[in-house]
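Report on one structure; see the data block that follows.
Any read-out appearing in this document is the output of simple, stated calculations on the displayed coordinates, not a laboratory observation. Predicted model, so just to flag it, every value in this text is computed and none were measured. A quick note on method: Cβ atoms are made from the backbone with ideal geometry, for glycine too, and the neighbour counts reach across all protein chains shown.
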Amino acid sequence: MRIVLKVGTSLIAPRGHIDINVLRAIVDQLDLSRDEYLIVTSGAIAAGMSSLSLRRRPTDVPRMQACAAVGQSRLMHTYERLFFGKKLVAQLLLSSDDFTSPVRYRNLQNALAQLLSLGVVPIVNENDSVSVRELEGAFGDNDELSSLLATAVKADWLLLLTNVDGFMVPNGRRQPRLQRVIRKVTPALEAQCNGKSSLGRGGMLSKLRAAKLASDAGVHVAIVNGRHPEAITLAMQRSIGTYFPPVRSGRNSTSSTARR
């Protein structure tokens, strides 16, 4: 199978520095001998903040660019260490233009196809150090980027790994309950979303919209707590998290069990 993983800032850098133990636990779950993986990773700005001794996320674009430039190298070094002896990794920094320009989009697809055929794990992030539009939220904390990437590579699954158990809905006076399956993202569902992390730009609303974009293209999608020790396997078994079935029939809507 071909699987796109999106790991958020709130998951891997909750206090402004990379939590290597969380990342290691995620990498250790990957079945690298059988499946193809692409990782869309947040955390560059948070890692840069730590290196530059900044306690709060900058609000001005130039300083955010500086944090991203410093933090991206630390982030990639971390991934290289975790995959050492297992797989080669490659860095791709993308902007929205890579998906809107037909020529650049085709070039991106060709590069990704070649990397995957060579057994390389692409590590993808927004080009925050030079692309102001991304810093101002063009992708929404990598959520939309991950859905566009999953569509571009015709992925079987998109797993949005976060620090909550999935999409939670009100349950009267009780604790909110987990919505196990969402077949259609509606304005009413979007209206239930509020808040975002202090270090990231996204939130549950951007994850809902990313899930809709990918599932409309025929990709299986799940929002799942990335701290679960078996998050990846159980999410694809639909045992945990919130599952979004593919809307469009075709290559990607084939059951994951059949593909295995």
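Among 5-16, 182-193, 161-172, the peptide with the highest mean count of other Cβ atoms within 10 Å heads the list, and the full ranking is 5-16, 161-172, 182-193.
The share of Cα pairs per 10 Å bin across the range 149-191, counted from zero up to the longest distance, runs 21, 43, 28, 7, 1 percent.
Here is the P(r) of the chain: all C-alpha pair distances, binned every 5 Å from 0, give 1, 6, 14, 18, 21, 18, 13, 7, 2, 1, 0 in whole percents. By the rule of a C-alpha distance below 29 Å, with chain neighbours fewer than 8 residues away ignored, the lysines paired with K87 are K6, K154, K207. Specify which residue in the list A150, N110, V164 is farthest towards the positive end of the charge dipole of the chain, using unit charges on the beta carbon of Lys, Arg (+1) and Asp, Glu (-1), about the Cα centre. Sorting the options by dipole projection puts first V164.
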